[in-house]
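Trainee: Below is a structure I'd like to ask you about.
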Amino acid sequence: MTLNVIINGGGIGGLTAALACSKKGFSVSAHEQADGFFEVGAGLQISPNASRVLGDLGLVDELAKRSFTPKALEMRIGSTGRLIFSIPMGDTAIRRYGAPYYHIHRADLIEMLLSALEGYDQISLKTGSRAIGYRQAPDSITLIRENGDELATGDVLVGADGIKSVVRQQILGDTPAQFTRNVAWRAVARATPELRQLIPPVATVWTGDKRHAVTYYLRGGELINFVGVVEEDSWTDEGWSQPGDLQELASHFSAYSSPVRTLIDSLDQCFKWALHTRPPFARWSAGRATLLGDAAHPMLPFQAQGAAQAIEDATVLARMLDGREDVSVESRLKTYQANRLPRASKIQSASHANMSVFHKGTGLNAALTYGPMAIAARAMPDFVASRQDWIYSFVA
Ligand SMILES: Cc1cc2nc3c(=O)[nH]c(=O)nc-3n(C[C@H](O)[C@H](O)[C@H](O)COP(=O)(O)OP(=O)(O)OC[C@H]3O[C@@H](n4cnc5c(N)ncnc54)[C@H](O)[C@@H]3O)c2cc1C
């Protein structure tokens, strides 16, 4: 059945949904409020559960060409650099999870999705197109702009409009966010020869006292992505992103070992982003409207799964919409929700649970947490690796 799918939001989730729906032969009308399809200048870890989906959407070669393949996922004590555990990735990820683990620059992924969409005629991508909500009729749904005018009318509306989704606001009403007292500092560094000597070619979580850092390479090793998460008391708006002060960032990580300090010293700029949380929602759909990505399951970045889950949502949504003619759009969206909500909610909770694990410092608390982890990693490496199987081996 040919459907007219309206997508509100042109981030990674919205564009992946546009591609998955286009591949099913649906016509797609996608609306992005910004004047272009921009992404924050930062990296993304694309775990096998998501790289499998992107591969199935035809991006295998481009992904391999434009990403970096980490040799492992590691956790280290930030102040000493001592290894807590290392889970092999690289070829091992392909053998174990059936697809590669990649690191990619967000802008590169957006560019890949846009260029894949060029192959389809039945797609309209509109920028500078900000929606404020929708109107439903028995056999259609209309996305509307601020003055009440129509942006698009179709069979189904997908709210892929991020943490402050207007589509979610209409489906669920207010869903207040809570500040986690964690602020993420994000930056990308050039991988100089000095940094290449210091930063291992893996994704590393550097633990600390009320803070942690994450480092990994992008673009075949040309760039290094840095995320520093620091506990702060001051309240900031959700999604508030602004240039950060490099000296302040350096002071937060002054007790860290030289890889992290040298990386911070090499930066030209950084940005801050206040991390908020919401509990999982009870439903994502109302009639012909549904949600996807951060709009459906805003999550903390401590499992590196927000975009991965948006990518999983996109392929499942397209498959569920491609249902039997005698099944209504509303029922197809209910099936999509039933298929996706439990898994995304479980990952939301797992991400939240990781928040405190990385921030144990170096004292007794740290010894009690990281000691058993290190022992288990040495004694039962396969068991430690297997704890990620439910996330990475999943076939959406
Ligand atoms: C520090 C940090 C690190 C992270 N690292 C990872 C990682 O390694 N791996 C991973 O998988 N995830 C990671 N994430 C999570 C990931 O960034 C998000 O989950 C993902 O980008 C969500 O994509 P989305 O398309 O759902 O939403 P968004 O990227 O927010 O896109 C929503 C789009 O909708 C548009 N929009 C909003 N409102 C409207 C409107 N009213 N009308 C029209 N358009 C609108 C916005 O402009 C935006 O372009 C991280 C997050 C953070 C904060």
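The values are calculated or read from the model by the stated rules, or taken from the named source; none is laboratory data. Every value quoted in this text rests on a predicted model; they were computed, and no experiment measured them. Positions of Cβ are backbone-derived with ideal geometry, glycine not excepted, and every protein chain shown enters the neighbour counts. Surface areas here come from the heavy atoms of the whole protein model, side chains and all, with no ligands, DNA or RNA. Shrake-Rupley method; radii C 1.70, N 1.55, O 1.52, S 1.80 Å.
Trainee: Please report the antiparallel percentage of the DSSP beta bridges confined to the chain, to the nearest 5.
Mentor: Counting DSSP beta bridges with both partners in the chain, the antiparallel share is about 70 percent.
Trainee: Tell me, what HN-Hα J-couplings in whole Hz come from the Karplus equation 6.51 cos²θ - 1.76 cosθ + 1.60 at θ = phi - 60° for each residue of segment 58-70, using x for Gly and Pro?
Mentor: Along segment 58-70, the couplings run x, 9, 3, 5, 4, 4, 4, 6, 9, 9, 10, 9, x Hz.
Trainee: For the pairs Lys71/Lys360; Lys210/Lys346; Lys71/Lys126, flag any whose C-alpha to C-alpha distance is greater than 29 Å.
Mentor: The pairs that break the limit, which is 29 Å between Cα atoms, are Lys71/Lys126.
Trainee: Let a ≥ b ≥ c be the square roots of the eigenvalues of the Cα gyration tensor of segment 288-340; is it rounded (a/c under 1.5), or, if not, prolate (a/b larger than b/c) or oblate?
Mentor: Judged from the Cα gyration tensor, segment 288-340 comes out prolate (a/c at least 1.5, a/b above b/c).
Trainee: Relative contact order of the chain, please, whole-number percent, based on alpha carbon pairs below 8 angstrom and at least 6 residues apart.
Mentor: 22 percent
Trainee: If you don't mind, there's one more thing I want to ask. Note the angle between two axes, namely the Cα long axis of helix 364-379 and the longest principal axis of the Cα atoms of the chain, as a number of degrees from 0 to 90, rounded to the nearest 10.
Mentor: 80 degrees
Trainee: Another question, if that's okay. Which value at 222 nm does the chain reach when only helices count, each DSSP H run of 4 or more adding -39,500 (n - 2.57), with the total divided by all residues and rounded to the nearest 500 deg cm²/dmol?
Mentor: -11000 deg cm²/dmol, from helical runs alone.
Trainee: Taking a cut-off of 17 Å between Cα atoms, list the aspartates and glutamates near Lys164, but don't count ones fewer than 8 places away on the same chain.
Mentor: Cα-Cα hits under 17 Å: Glu32, Glu39, Glu146, Asp174, Asp237, Glu238, Asp294.
Trainee: Kindly provide log₁₀ I(q)/I(0) values, in the same order as q = 0.11, 0.14, 0.18, 0.25 Å⁻¹, from the Debye equation applied to equal alpha-carbon scatterers of segment 190-279.
Mentor: One equal scatterer on each Cα of segment 190-279 leads to -0.32, -0.52, -0.84, -1.41.
Trainee: If one computes the Cα centroid of segment 78-122 and of segment 250-319, what distance in Å separates the two points?
Mentor: Computed from Cα coordinates, the inter-centre distance equals 15 Å.
Trainee: So, one more: Taking the C-alpha atoms of the chain, how large are the radius of gyration and the largest Cα-Cα span, Dmax, in Å?
Mentor: 21.0, 64
Trainee: Here's a follow-up. Summarise the accessible area of the chain (1.4 Å probe, protein heavy atoms) by the percent that is carbon and sulfur.
Mentor: Answer for the chain: carbon and sulfur cover 50 percent of the accessible area.
Trainee: Could you do me a favour and compute the accessible area per residue for the chain, 1.4 Å probe, result in Å²?
Mentor: 42 Å²
Trainee: Treating only the Cβ of Lys, Arg, Asp and Glu as charged (+1, +1, -1, -1), what charge dipole size does the chain show about its Cα centre? Round to the nearest 20 debye.
Mentor: 1180 debye
Trainee: Between rounded, prolate and oblate, where does segment 340-396 land on the alpha carbon gyration tensor, with a ≥ b ≥ c its root eigenvalues, rounded for a/c under 1.5, else prolate if a/b exceeds b/c?
Mentor: Here segment 340-396 falls in the oblate category.
Trainee: Rounded to two decimal places and with Rh computed the Kirkwood way over Cα pairs, what is Rg over Rh for segment 1-138?
Mentor: Radius of gyration over Kirkwood radius for segment 1-138 works out to 1.08.
Trainee: So, one more: Output wanted: per-residue J couplings in Hz (rounded whole) for segment 30-35, from phi through Karplus 6.51 cos²θ - 1.76 cosθ + 1.60, θ = phi - 60°, x for Gly and Pro.
Mentor: Along segment 30-35, the couplings run 9, 10, 10, 5, 6, 7 Hz.
Trainee: I need to check one value: relative contact order of segment 157-292, counting alpha carbon pairs closer than 8 Å and at least 6 residues apart, in percent.
Mentor: Relative contact order, segment 157-292: 37 percent.
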